[in-house]
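Data block below; observations after.
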Amino acid sequence: MSLRWQPELLDPAMPGGWALVHSQQQFLFDDNGVLFPRDWLRRLDLGVVSEQGLGYFDGEPVFLFELAQPEDVPGARWQCLRQFMLQDGDRDLFRMLGFAAQIGTWAHQHRFCGSCGSPMQQRTGERAMHCPACGLHQYPRLSPSMIVLVTRGDELLLARSPRFAPGVYSTLAGFVEPGESLEQCVEREVREEVGVSIRDLRYIGSQGWPFPHSLMLGFHAQYDGGEIVPQPEEIEDARWFSIHALPGLPARQSIARYLIDLYVASRLGLEPPALPR
Ligand SMILES: NC(=O)C1=CN([C@@H]2O[C@H](COP(=O)(O)OP(=O)(O)OC[C@H]3O[C@@H](n4cnc5c(N)ncnc54)[C@H](O)[C@@H]3O)[C@@H](O)[C@H]2O)C=CC1
Ligand SMILES: [Mg+2]
Ligand SMILES: [Zn+2]
């Protein structure tokens with residue numbers, strides 16, 4: 001793995017450094033990019049709800065200014081995290097922004113104790129919020145989610161959600177529920193979303209996914225039985241596609257795409273793709 005981006009718990013009391021400005025899954029940027037001199041940003045008097053020390057980019061300390069809402073800054077604009085991902089450029093930059101978005105959103109949403117309502121404080125020495133009144137600790141939130149490619153020989157079961165870009169089909173995904181194993185989650189989600197049963201579930205790999213705080217656990221599975229019945233509202237359409245006639249597919253940086261490309265490569269005897277990180 002590359003070393004350009006290294007997350008680390010930095011003390012915001014440390015002087016200088018660079019800062020990202022984040023609000024509602026968007027980052028401020030200008031012609032020089034997303035990193036601004038932190039002391040310069042301080043003088044703008046933005047509505048900062050949390051400041052976090054994030055880590056090192058190219059060896060330079062990086063902090064985060066989390067704003068209550070996107071504000072106008074002369075000479076700068078706001079862009080969605082998803083747009084930065086789709087630009088297909090710098091993976092390390094996207095990993096840093098994905099991390100920053102998750103930490104910023106979490107800090108913003110845990111300013112008050114969910115148990116007693118008192119203002120929370122940032123802990124020193126670990127990335128956590130702490131309630132001085134009742135002692136509650138809150139750590140950054142992660143939601144395990146499974147993602148699975150269901151196959152039948154040279155055919156892939158792909159589906160589209162009404163949220164997808166026109167013509168794009170993808171693998172099935174869903175959040176793990178309390179008390180369930182990953183295997184049970186995969187079987188349940190496949191049954192709920194397309195109504196078929198699966199067998200020979202095989203774990204392939206994982207990917208942190210900052211939309212909004214998922215840890216994707218990726219599988220391949222073989223079709224076992226049943227007719228496709230798309231889940232109303234969630235699944236607009238689902239069908240079998242031949243590996244020789246695939247529809248529009250998800251972004252290259254997604255594990256969804258990797259699960260598809262990996263299977264197609266194995267059927268065609270091609271070099272396997274690399275898992276996006
Ligand atoms: N990296 C990748 O290749 C892909 C990642 N994903 C991610 O997988 C995750 C799950 O996929 P979906 O099909 O949307 O899930 P899903 O099939 O479980 O349905 C989403 C719905 O589940 C409910 N839900 C249950 N638990 C939730 C939780 N912990 N957080 C938020 N909503 C929860 C909400 O009502 C939400 O609208 C999402 O975060 C999505 O961004 C999905 C597809 C591809
Ligand atoms: Mg789903
Ligand atoms: Zn409390």
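Against the criterion of being open to solvent by 50 Å² or more (accessible area, probe 1.4 Å), over 18 Å from Pro247 (Cα atoms), free of Cβ contacts under 8 Å to residues at least 24 places away in the same chain and near ligand 1 (Cβ under 10 Å from one of its atoms), Glu192 does not qualify.
Restricting to region 192-237, count the residues that are assigned to a loop (DSSP other than H, G, I, E, B) and under 26 Å from the mean Cα position of the chain (by Cα). Final tally of qualifying residues: 11.
Identify the residue in region 205-232 that is over 18 Å from Ala251 (Cα atoms) and without any contact (Cβ under 8 Å) to a residue 60 or more places away in the chain and, among all such residues, is nearest to ligand 3 (Cβ to nearest atom). So the residue we want is Gln231. Scanning region 35-67 for residues that are open to solvent by 40 Å² or more (accessible area, probe 1.4 Å), touching an Asp or Glu at 6+ places or on another chain (Cβ under 7 Å) and without any contact (Cβ under 8 Å) to a residue 40 or more places away in the chain yields one hit, Val48.
Answer yes if at least one residue in region 69-81 is of a type in the set (D, E, K, R) and in contact with a Pro (Cβ under 8 Å, 6 or more places away or on another chain), and no otherwise. No, the conditions are met nowhere in region 69-81.
Put simply, of Ala245, Ala238, Ala256, Ala274 the only residue that is outside the structural domain of Gly98 (by the TED database), in contact with a helix residue (DSSP H, G or I) (Cβ under 6 Å, 6 or more places away or on another chain) and either free of Cβ contacts under 8 Å to residues at least 60 places away in the same chain or open to solvent by less than 30 Å² (accessible area, probe 1.4 Å) (or both) is Ala238. Hey, among the residues in region 154-170 that are touching a Phe, Trp or Tyr at 6+ places or on another chain (Cβ under 9 Å) and not aliphatic (A, V, I, L, M), which one's nearest to ligand 2 (Cβ to nearest atom)? Taking the candidates together, the pick is Ser170.
Name the residue that is surrounded by the most Cβ atoms within 10 Å (Cβ to Cβ), counting only residues in region 154-189 that are in contact with a strand residue (DSSP E or B) (Cβ under 7 Å, 6 or more places away or on another chain), within 30 Å of Pro7 (Cβ to Cβ) and among the hydroxyl-bearing types (Ser, Thr, Tyr). Here the residue is Thr171. Within the span defined as region 117-133, every residue fails to be within 16 Å of ligand 1 (Cβ to nearest atom) and touching a residue at least 40 places away in the same chain (Cβ under 8 Å). Looking across region 1-30 at every residue that is assigned to a loop (DSSP other than H, G, I, E, B) and closer than 12 Å to Trp78 by Cα, the one that is nearest to the chain's Cα centre (by Cα) is identified as Gln25.
In the condition set (1) out of contact with any Cys (no Cβ under 7 Å at 6 or more places or on another chain); (2) among the polar types (S, T, N, Q); (3) open to solvent by 40 Å² or more (accessible area, probe 1.4 Å), Ser145 is compliant with all but (3).
The values are calculated or read from the model by the stated rules, or taken from the named source; none is laboratory data. Computed from a prediction, not measured in an experiment: that's the story for all the values here. Methodologically, a virtual Cβ is constructed for each residue, glycine included, from the backbone with ideal geometry; neighbour enumeration extends over all protein chains shown. Just the protein is used for accessible areas: all its heavy atoms, side chains included, with ligands, DNA and RNA removed. Shrake-Rupley method; radii C 1.70, N 1.55, O 1.52, S 1.80 Å.
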